[in-house]
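Just so it is clear, none of the values below were taken in a lab; they were calculated from the coordinates. Only a predicted model underlies this, so the values are computations on that prediction, with no experimental measurement involved. As a convention, Cβ positions derive from the backbone with ideal geometry for all residues, glycine included, and neighbour counts pool all protein chains shown.
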Amino acid sequence: MNASFTESMKQKFIDLLSEMDSTIESVQSQEFSLASGGDEADQWGAERDKNMLLKMGDRAVAYRKKLLQGLQKMSDGTYGKCEDCGCDIPVSRLIARPTAEFCVVCKEQAEKSEFKKKLPVLRLM
Ligand SMILES: [Zn+2]
């Protein structure tokens, strides 16, 4: 991984971080304005909008945390390394998914075992 790539990723992370900050800010301010009355349908709609906003806010908060972790890794010099096997995550993957923590192989394996864990639950249904 060359230094200029890390530098450009760092800039991307900082941009995304401010994007998440403004998302969180707008969620927090909108949440407040949804608290006013209206009829049942309005309230149902407001409730649904509110849930959607909260979900968006949650995602932004979670993503923000990942971005901060990524920035920390960049200063540690471990950014772009798979957390499982320690190999270099391909640049193309990092461009598509800047906060990728695992290489494709480890990610697929994790998803497979995740899927297996879910299977017993699915059988019960
Ligand atoms: Zn790996």
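Annotations for the structure displayed:
Conditions tested, residue by residue: (1) of a type outside the set (D, E, K, R); (2) more than 16 Å from Glu7 (Cα to Cα); (3) loosely packed, with under 14 Cβ neighbours inside 10 Å; (4) within 15 Å of the ligand (Cβ to nearest atom).
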{"position": "Trp44", "(1), (2), (3), (4)": "yes, yes, yes, no"}
{"position": "Leu54", "(1), (2), (3), (4)": "yes, yes, yes, no"}
{"position": "Ala62", "(1), (2), (3), (4)": "yes, yes, yes, no"}
{"position": "Gly70", "(1), (2), (3), (4)": "yes, no, no, no"}
{"position": "Ala96", "(1), (2), (3), (4)": "yes, yes, yes, no"}
{"position": "Ala100", "(1), (2), (3), (4)": "yes, yes, no, yes"}
{"position": "Cys103", "(1), (2), (3), (4)": "yes, yes, no, yes"}
{"position": "Lys107", "(1), (2), (3), (4)": "no, yes, no, yes"}
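- Helices (runs of 4 or more DSSP H) fully within region 1-114 that include at least 1 residues being of a type in the set (Phe, Trp, Tyr): 3-33, 40-76.
- Contact annotation: residue pairs with Cβ atoms under 7 Å, 6 or more positions apart or on different chains, pairing a residue in region 71-84 that is farther than 8 Å from Phe102 by Cα with a partner that is not in a helix (DSSP H, G or I), are Lys73/Tyr79; Gly80/Met1; Gly80/Asp88; Gly80/Ile89.
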